[in-house]
Amino acid sequence: MGKINILVVENQSTQFYKIKDNLCNKEYNVFPNESDTDCNVTEFVNYVKVWVNEEYPDAYKKEAFEKICNQIEKNQIDLILMDHILGGGCKCKTGIALARAINSKWKGVELPVLFMSRTEESEKRRLMDYNRYMADFPQLSQWLHKGFFGDEILNEDYFSNVVIDAIDALYKKGQTEKYKKILVQWVKEDETGDKKSTQMYKILYDYLGKYPVTLEFKKAFEDYKSNRLLDASKKNDCKKIQHLLNLLRSSTPQLSL
Amino acid sequence: MEWNIPEEPLLRLPATWHSPEECALCFDDSQSKPLFETDKTSLSPALIINPPANIKKLRAEENKSQPFDKVNFDGSILYCKVIRNGEHLLFSSKTDALIDNNTQEIQDWLERIRPELGISLSREKQGEKESETETEIRKARALKKTDKVIILSPCHYSNTRFIYIINRYLFHSAATIIHYQPDTDYSDNFKLLYEKHLNQTDARIFFVDDTLISGRTFFRIYDLFRFATGYQGKLSGAIFLSDKSAADIHTRVLRAAGRIDAFVNINLPLSPRVFNANPLEYEARRYRELYETSLHDALKSELTEKANLLKRFGATVDTRDPRQKQHVRMFKATHLAYELFGKNPELKGIDTFDDFMRESGFVCEDVECRIAMFKILSQYPFLLHMTLRIEVFRWHKTWMRKISDELRGIFDRREALPCAKFEELKFLIRRSVFLGNFYILSAEFFRLLAEVFELLEQGMASASGIVGQLSRNEQENVENFHLYILAQYVEMIRKNRWCAVQLVRTLEKNGVEQAFGTSAGKRMIRMLKIEIATVVDDFYHLLEKDRAWTNLYVEAKSIDKDKDNEWIKCYFEHNPSLLKTPEFVLANKVLKLLDEKGGIEPRFLDYLWIKQFLDRSREDRAFSEISLTKKTEAIVERMCRLFDQNLGAFFIVTDKTQYRHLVFDRTPDQLSLIDADALNESMDEDSGKNGQPCSQHQYEILLNSLDGRPDASKFDKHVIAEYGFREGPGPDPTWKNLYEETDSSYKSSDYLKYLEENGYRWLLLERISDFKAAPGQVSLGLLGFYANKDLSKSLLSRQLIMLLRKDLSTFIRMHHKNDEFSALRAAEATRRFAYLAGHGRYMMQQLANTDSSKCRPMIMTMEQLQYLFAIRNVDERGNAQQSRREELRGKIINGFYTNEIAIKNFANSLQELAKTIYSSPIVETSVQADIRSDSDSTACTFPFSERLLQFFCFELIVNAKKNRYIYTQNWTCENGKNLKKNMLHIRFSMADNDSAMVVEFTGTGPYPGSSVIGTINAGRNTKPQNEIAGLELIRQVIKILNQDNSLAISTRKGCVACESCKMKCTCATCSLSCNSDCSNKCKYGVYRNTIKLILHKIQK
């Protein structure tokens, strides 16, 4: 554990493996996995192709979408690296539509999506869709081109200098947003009851934007989240939140994810 | 030596100076007087101080001619524009008709003049004294039976009948007729041929012609006659059917010929040249100038139509034209007016117009006659006579007041406006412009106009008195009334710029603008407020004369967005007197260009910068090193600043084939909102239909504006359109067309919806028309501005962007219809090639680089072809010349050697190639498939380039693989089997008597989509950005080789009985008979898609 789980949605197998190579070198977990007997890389790409192509029967498209979502759930995906054009010559849906469908399914805990388009040339074509997407899922997406330099695509230097940084930044933003949304939910739940813990949640919420989220904090938060409902008396609630606050305040950018 | 002699006036006259904007003599109806204007170069106005010339022609009873009112002119006077002897005439005389109508009268007239033939006119009648001896000698010269009569006449088809009559009835057919054509016959021959005849002692020579107008023909022949007779010969008389000459011409001819006999004397005006042009030419020039300065296409159309009408000389006469009657009335009125001035030049005892009508004898109850008489008195040449103009101006004021009262009465009584009254009003408004009656600028008149617009909307009563049942002509007059009024105001401003100030003041008066409640009225006011801005042109022309201004940016190598206005500011600081010139003072009063501290309005500085930039850009003097893209950006960004707000904007231009290009698209956040490819989608799709965009088109609103489709009024075309997101009748705000004066909310198109989603609340569209073509007919581009708040109140901004339309039109014509734009597009094409290297080709290169790759030669061919297209062919829709395509064809044929392809062997080799491609993990993934390749061809070989054919087949196999059917886990075929297998069948056959080879690639896959099928079969590109790759590359190559070559796609469901083969079809997957419902879309989704390639033999 401790690695970021990334789902790469890319219909060109050569490009998929190139991305995977670039990411695996940096110790990320890349999905789909070749060894997955339920849905390997080829099958996953097939499901994506079926879903984006409007001409497949609805039943098959539904099945394909379920398979895509299974990948996300099963592998606890933290971020999606999404290609823009996923279909062939037909007028297919794009990666933006797929990201929208996925994030609409998990409304409230949206996944950050890093879109990767082949070149800037497609900018005008996708901008309208992308702007709409940005309006619906603010903060949680970014657009990068695939780093085309002369004859090469997905150049390694470009990847390590630009794409990796973008992935990290987006991931952190995604985590922060995720915790913030959970805190907002808790504040709503506690508004009529425990005013002290509500106050603590609000302070924690403010800190989330200012301090980087560390692995330690992440773990402590997940523990607190799972025990929170079980601890009906909420005796040590404030102490636990205080602990989270301390963890966050003591974090430094170097230690962050 | 110092010159200090004071200038002393010769004559001191009392003078009172009035400010042109405040002058009560102009703008106060109770005190107003006609304004006699001078132009910039003369000190005295173009005026004739005397009343219209005293007519010195003899009265009818004196020279025995037929009285004017007893001549039947029916059908002989036709209204049309003709040029005779360099004179422009409004009437054409039909001599035959005049003779036919008056045969008996002409015979009687000839009998009357017969006794006096040859006797020259008494000198007393010519205003001189004559002795008794002289009288005797004169009478002794009467024509004798023994005299040899010679008729001299110009050679023209129209006078032959009249000459025949004269010869027969007066000279018993004994005269010698000399027909001479001054324009074509050589004068030397005249003397040679006719000298003997003319010099006979007993020769009596008469000049005979049907009409005398300018006297030019007469004098040319007369001069020759005098020359041939050694300046000794004399004419015995001149005989005309109708004498239409002016008084001076008449006198000169009389002195030369001794006597003039004319069947009818007609008084027609002199044709004074106005500013060195014939009156009609001057009129056409005036309309042209108005056209140049006006800002709206609708108005330009109206003015062009008028100018063209004037220029249509010699057009076929339409006797059904309603103007025929009116112009014959004017013809008669002119004669009678001259007769009256002959009798009573000072108009003594004539106070009102009614008096004038009565005295002239032009008595008619019909208002049309009053209009005819008033019209001739208020136009050239009568308009030039000072005393008459003063009177006519006074009569016009009275008539104007009368009709105003009548119209108000009709409005108050809620009656229908009679058609005749409406025409009378229009006539008087037009006369106001001619006479300079500025009453029509007053608030009182504007309120009356508002009432008239309301009356028109309620329905006008036709000539027969029935409301709503108007003739087509009347209907058009009502519909275009706002344009008519607008044209009058524009002309008035053109004549006197200070009228613009008056108009601004009137429109600012409380309740004036609000009085206009009808849509036509509002439209007129809106257009007028924009047209007023043309006064700025004068100031700009002043700047253009200054070399320092034109050279302001000559040295500029770049555009500095923030500092460029400083140059202009600096220019005005060095030339402060410019801001005190009447031109600027006037522009400032109309547009308010100075703030309270005297600083120049920043928007005006931006306007001047753009104008200067566009002008210099046209001359290619300044900014010559700046690219077209940068220039376009600079212009549009500056135009955004005219609104003083942070705006988003776009700029679409069209090329020669009206293909649309998005050359600028930027939101305030530097994003783009428009999909450039989609702009042309509808045009392509609809070209074969009815020319209308499909209703679902996301840019319908833009395309309507760009193509100038009529707006909701159905009459005007969009030039400027504005939309606002406002409260509507429903609970939520909606987009409304702010110029559509109806309450219904504008239907929300995709583009507006998208603007709304991005937080924009206002959109302004401005169409740029091609002013070289018919106005409004050809669109060159569309500018759009949008903002997150309503800017519809910003009048100055709209005025300034409308003033820039013409310059933008020139800019587009210069830069987007020529080689510069082609070069830009060529660069784009090359860039596209570079982009192509990035994606699809990456996979191809990998495939080529694998060991023992069979695909390498095909991939090399593909790269060569793409390279050729990128550098040799810009775009077939654009400015690429035909020669380029020929050049490209040559390159392809020479580069890819043609040989005799053994078809069966080739088919077998393809099967291997297809298996390699399907099993390759590089082309997506390894895929199982049934692959077959066979040939039904009767011929063994086919002359074609094997390399090209291999490449086509390779590309189509890769295509088939990429578009294969993808089977999900739960998929089963209709027969319950689970064979998840694709198929590819390649089939060769011959067509057109073995002159063409057909290659079909049938593969299983999902339905390709009707739009894709339509696009491919229509020969259009399915790729974005016009990339030349895949099917498009094949199509381009085969079409260059032979236009009859084709590439098409067809599809059929895998498991239905298809209509074409009428046989039970089989499941595409398991090949068993199908059981599914044939009438619906295949529920299993497997289709057989066929790409059919028809190739003809390559002929070098």
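Past the 18 Å Cα-Cα mark, which pairs from B:Lys402/B:Lys509; A:Lys219/A:Lys240; A:Lys3/A:Lys210; A:Lys18/B:Lys962?
Pairs exceeding 18 Å: B:Lys402/B:Lys509; A:Lys3/A:Lys210; A:Lys18/B:Lys962.
Contour minus end-to-end for B:Glu619 and B:Asn473, with contour as 0.36 nm per residue of separation and end-to-end as the Cα-Cα distance?
48.0 nm
May I ask you to order B:982-995, B:780-793 by the average number of other C-beta atoms within 10 Å around their residues, highest value first?
B:780-793, B:982-995
Counting Lys +1, Arg +1, Asp -1, Glu -1, what net charge surrounds B:Ala256 among other residues with beta carbon under 11 Å of its beta carbon?
Result for the neighbourhood of B:Ala256: +4.
Please work out the FRET efficiency for the pair A:Gln242 and B:Gln846, using the Cβ-Cβ distance as r and a Förster radius of 41 Å; give the result to the nearest 0.05.
According to the calculation, E is roughly 0.10.
Can you give me the distance in nm between label points at B:Trp17 and A:Ala135, each placed 7 Å from the Cα along the Cα-to-Cβ direction?
Here the answer is 6.2 nm between the modelled labels.
Could you sort out which of B:Lys772/B:Lys806; A:Lys74/B:Lys981; A:Lys181/A:Lys225; B:Lys891/B:Lys1039; A:Lys195/A:Lys239; A:Lys20/A:Lys218 sit more than 18 Å apart by Cα distance in this structure?
In this structure, A:Lys74/B:Lys981; A:Lys20/A:Lys218 exceed 18 Å between Cα atoms.
Take peptide B:174-187, look around each residue's Cβ out to 10 angstrom, count Cβ atoms belonging to other protein chains, and average those counts.
0
Estimate the FRET efficiency between B:Asn551 and B:Ser627 by the formula 1/(1 + (r/R0)^6), using the beta-carbon distance for r and 22 Å for R0, to the nearest 0.05.
My answer for the efficiency is 0.45.
On a full-extension model of 0.36 nm per residue, what is the gain between B:Arg932 and B:Ala991, subtracting their alpha-carbon distance, rounded to one decimal in nm?
Gain on stretching B:Arg932 to B:Ala991: 19.1 nm.
Using the Cα gyration tensor of segment B:140-222, with a ≥ b ≥ c the square roots of its eigenvalues, what is the shape: rounded (a/c below 1.5), prolate (a/b larger than b/c) or oblate (neither)?
Oblate is the answer for segment B:140-222, as a/c is 1.5 or above yet b/c matches or exceeds a/b.
What whole number of Å gives the distance from the Cα centroid of segment B:326-397 to the Cα centroid of segment A:170-189?
Going from one Cα centre to the other spans 91 Å.
From the square roots a ≥ b ≥ c of the eigenvalues of the alpha-carbon gyration tensor of segment B:399-547, which class results: rounded (a/c under 1.5), prolate (a/b over b/c), or oblate?
Prolate, since a/c reaches 1.5 and a/b exceeds b/c.
So, in nm, how far is label B:Ser792 from label B:Gln31 when the simple model puts each one 7 Å beyond its Cα toward the Cβ?
4.1 nm
Please compute the modelled spin-label separation between B:Ala140 and B:Asp669, points set 7 Å along Cα→Cβ, answer in nm with one decimal.
Distance between the two pseudo-spin positions: 11.3 nm.
Give B:Lys144/B:Lys234; B:Lys589/B:Lys793; A:Lys49/B:Lys753; B:Lys191/B:Lys244; A:Lys49/B:Lys980 a once-over and call out the pairs whose C-alpha atoms are over 23 Å from each other.
As for pairs spanning more than 23 Å Cα to Cα, those are A:Lys49/B:Lys753; B:Lys191/B:Lys244.
Readers should treat all values here as calculations from the given coordinates under stated rules, not as data from a laboratory. Just so we're clear, the structure is a prediction, and the values are computed from it rather than from any experiment. With ideal geometry, Cβ positions are generated from the backbone for all residues, glycine too; neighbour counts draw on all protein chains shown.
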